[in-house]
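Please read the structure below before turning to the comments.
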Amino acid sequence: MKQTENRSALTLLLEAFFILAGSAMYAAGVVLFLEPNHMVPGGVGGLSVIISYFSGIQTGTLVFLINLPLFALAFWKLGARFVWRTVIAVGLSSAFMNLLEPIGAVTQDPLLASFAGAGLIAVGLGIIFRARATTGGTDIVARLMKLRFPYVKTGIFILILDALVIAGSFLVFGNLDRALYSSLSVVLQAFLFDQVLYGSDSAKLVYIVSDKQDEIIRLFLKELNVGVTSIPAKGTYTGKDRTVLLCAMHRKTLPHARAMLRSVDDNAFFIVTPATQIFGEGFLRHDREEL
């Protein structure tokens, strides 16, 4: 019991650290790279940059104010625990924005600014989402959309919402080049965000049809330490009963598996498909939260 409590306290401490670090990175990406170069990150952050341009109110303050009505919606749909995490993340990111904004542009090169800003924002958002929080705004909307369409990645929802904000920035700033740089930044954000949140395509699902299945199974188990599942099948052309071998493996293991298969049976069918999420021993834990 005490061990469980210690683990829970450690988890909360790590999540608090991740929210703090992610909020700082997100804020730096907005106010040190994008905003001073008349580029927008999309979402509430981008909307706040546009309003700040007219009103003179600090971007961080606007981010927090615009998010207030969204907190109520998140409380209703996602629960109090999620809302408090998000309130903390929004409060921290807003404070970091106001703190860092007087520093101004780190670089005035729009290409460097768009790439650096996108990298910081994407990694920051990914870290915050992994801590089961968001930076509010379109992140809350995307999280709610994820409940309705669980098969669509979160980054896609954010990309669509951010595109609408970028279109608005073009109408306000009247600078097509900066709007295009903003678009480039948002696309890169979506890509990097998915990499942080879901990981790269690091796993493969392999199907093997061979007459030398016993030897293949023995080598895969002994040399590669890869589990193999035998699936009864029947060839529709020959009408013969066959066995299809199924195994999941990390991408770095695939070249060794191919070389080993060639040494055993170079006439075997070897079908490889991507598997971005595999739950079970050696891969993802079953209790990992779906984001």
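The local environment of GLN213, defined by Cβ-Cβ distances under 14 Å, has a net charge of -1 under the rule Lys, Arg +1 and Asp, Glu -1. Against the longest alpha carbon principal axis of the chain, how many degrees, from 0 to 90 and to the nearest 10, is the axis of helix 80-100 turned? Here the helix axis deviates by roughly 60 degrees.
Quick one: check the C-alpha center-to-center distance for region 219-270 versus region 50-117, whole angstrom. Computed from Cα coordinates, the inter-centre distance equals 50 Å. Backbone phi angles across region 220-235, fed through the Karplus curve with coefficients 6.51, -1.76 and 1.60 (θ = phi - 60°), yield HN-Hα couplings of 4, 5, 7, 8, 9, 6, 10, x, 10, 10, 8, 10, x, 8, 9, x Hz in residue order; Gly and Pro are listed as x. Between SER55 and ILE271, the modelled labels are 5.7 nm apart [label points 7 Å from Cα along Cα→Cβ].
How far is helix 154-173 tilted, in degrees, relative to the longest principal axis of the Cα atoms in the chain, given as a value from 0 to 90 rounded to the nearest 10? Long axis of 154-173 versus the principal axis of the chain: about 30 degrees. For THR243 and PHE71, the FRET efficiency from 1/(1 + (r/R0)^6), where r spans their Cβ atoms and R0 equals 51 Å, is about 0.35. Electrostatic tally near PHE18: other residues with Cβ closer than 12 Å to its Cβ, Lys and Arg +1, Asp and Glu -1, net +2. With the simple spin-label model, which puts each label point 7 Å out from Cα in the Cβ direction, the LEU111 to ILE160 separation comes to 3.3 nm.
Per DSSP H run of at least 4 residues, take -39500 (n - 2.57); add these up for the chain, divide by its residues and hand me the 222 nm value, nearest 500 deg cm²/dmol.
Numbers: 10 runs with 174 residues, N = 291.
One gets -20000 deg cm²/dmol as the mean residue ellipticity at 222 nm.
Would you mind classifying region 85-136 by shape? Square roots of the alpha carbon gyration tensor eigenvalues, ordered a ≥ b ≥ c; an a/c under 1.5 is rounded, otherwise it is prolate if a/b is larger than b/c and oblate if not. Could the numbers behind the result be given before it?
Details: a/c = 4.20, a/b = 1.54, b/c = 2.72.
Since a/c reaches 1.5 but b/c is at least a/b, the shape of region 85-136 is classed as oblate.
Here the label points at SER230 and LEU180, each 7 Å from Cα along the C-beta direction, are separated by 6.1 nm in the simple model. Qualifying trypsin sites (Lys or Arg not before Pro) in region 50-141, where qualification requires a DSSP coil assignment and no more than 11 other C-beta atoms within 10 Å, are lacking entirely.
Since every read-out is calculated from the coordinates, none of them should be taken as a lab result. In this text, all values refer to a predicted model and were calculated from it rather than measured experimentally. For neighbour counting, all protein chains shown are included, and Cβ atoms are generated from backbone atoms with ideal geometry for every residue, glycine included.
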